[in-house]
1. Looking at (1) within 17 Å of the chain's Cα centre (by Cα); (2) under 17 Å from E113 (Cα atoms); (3) surrounded by fewer than 15 Cβ atoms within 10 Å (Cβ to Cβ); (4) at pLDDT 95 or above, can you tell me which one A82 breaks?
2. Anything in the range 47-72 that is of a type outside the set (V, I, T) and exposed (fewer than 14 other Cβ atoms within 10 Å of the Cβ)? List them, or say none.
3. So V90 passes all but one of these: (1) in contact with a strand residue (DSSP E or B) (Cβ under 6 Å, 6 or more places away or on another chain); (2) exposed (fewer than 14 other Cβ atoms within 10 Å of the Cβ). Which condition number does it fail?
4. Let me confirm something: among T148, T157, which residue is touching an Asp or Glu at 6+ places or on another chain (Cβ under 8 Å) and either of a type in the set (D, E) or assigned to a helix (DSSP H, G or I) (or both)?
5. Could you figure out which of (1) surrounded by fewer than 14 Cβ atoms within 10 Å (Cβ to Cβ); (2) farther than 18 Å from I58 by Cβ; (3) of a type in the set (A, V, I, L, M) isn't true of M103?
6. Considering each of P165, P135, P116 in turn, give the residue that is modelled with pLDDT under 95 and over 19 Å from the mean Cα position of the chain (by Cα).
7. Restricting to the range 119-132, name every residue that is more than 16 Å from the chain's Cα centre (by Cα) and more than 15 Å from V52 (Cβ to Cβ).
8. So, restricting to strands (runs of 3 or more DSSP E) that lie completely within the range 29-124, which ones have at least 3 residues that are of a type outside the set (S, T, Y)?
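The values are calculated or read from the model by the stated rules, or taken from the named source; none is laboratory data. Just so you know, these numbers come straight off a predicted model, no measurement behind them. Cβ atoms come from the backbone with ideal geometry, glycine included; neighbour counts cover every protein chain shown.
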Amino acid sequence: MSRSSIVALGVLATLALSPGAALADGPKAREYVTVSEQIHIDRPAEMVWRKVGGYCDIGAWLKTTCVYTTGSGGVGTNRLIAGKVDEVLVSRTATAYTYAQPMAENIYHGTVETLPDGAGAKIIYSLVYDVSALPDAAAKAGYNEQKTRFLKALLATMKSIAEAP
């Protein structure tokens, strides 16, 4: 057995024998929700992505500030929106990216993607998050509804920007 395997086993044994190491109620049950909206744009997908696909372009969509706190737009870049929302870029393709809010207790992630759609394009914006901390079904439904309205408003703004001359 390697030294690293022995150390790992020792750490696991220590945790298992530590008082309070196991949660009395077991691990927290998560309740993940996906909210996704899309909008058609009367422009080619590549053109749309050039206009609204930058990682800090969200500042224009929200009419606020967006600055990189680390990185320059590639995977691992952190952006700070409106001086308070911290997000890290976790995945990027030619016409899509996914970000996470590293400090969010609800494990909040978002994906923005542009795809060809007939003669134009469509932008798809999806959010994934955990609603298990919300107190009841009404609060969960309200939060999901708020996020749906948020996405629809963002997409309408993105459409306006993408279709502008």
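1. If we test A82 against (1) within 17 Å of the chain's Cα centre (by Cα); (2) under 17 Å from E113 (Cα atoms); (3) surrounded by fewer than 15 Cβ atoms within 10 Å (Cβ to Cβ); (4) at pLDDT 95 or above, just (2) comes out false.
2. If we filter the range 47-72 for residues that are of a type outside the set (V, I, T), which is where we start, we get 47, 49-51, 53-57, 59-63, 66, 68, 71-72.
Passing the criteria: K63, S72.
3. (2)
4. On the way: T157 fails: touching an Asp or Glu at 6+ places or on another chain (Cβ under 8 Å).
Answer to the selection: T148.
5. With respect to (1) surrounded by fewer than 14 Cβ atoms within 10 Å (Cβ to Cβ); (2) farther than 18 Å from I58 by Cβ; (3) of a type in the set (A, V, I, L, M), M103 is out only on (2).
6. Numbers: P135 fails: modelled with pLDDT under 95; P116 fails: modelled with pLDDT under 95.
Of P165, P135, P116, the one residue that is modelled with pLDDT under 95 and over 19 Å from the mean Cα position of the chain (by Cα) is P165.
7. Step one: filter the range 119-132 for residues more than 16 Å from the chain's Cα centre (by Cα), giving 119-122, 132.
Of everything in the range 119-132, those that are more than 16 Å from the chain's Cα centre (by Cα) and more than 15 Å from V52 (Cβ to Cβ) turn out to be A119, S132.
8. Working: elements: 32-41, 66-70, 78-81, 85-93, 96-100, 109-117.
Where strands (runs of 3 or more DSSP E) fall fully within the range 29-124 and carry at least 3 residues being of a type outside the set (S, T, Y), they are 32-41, 78-81, 85-93, 109-117.
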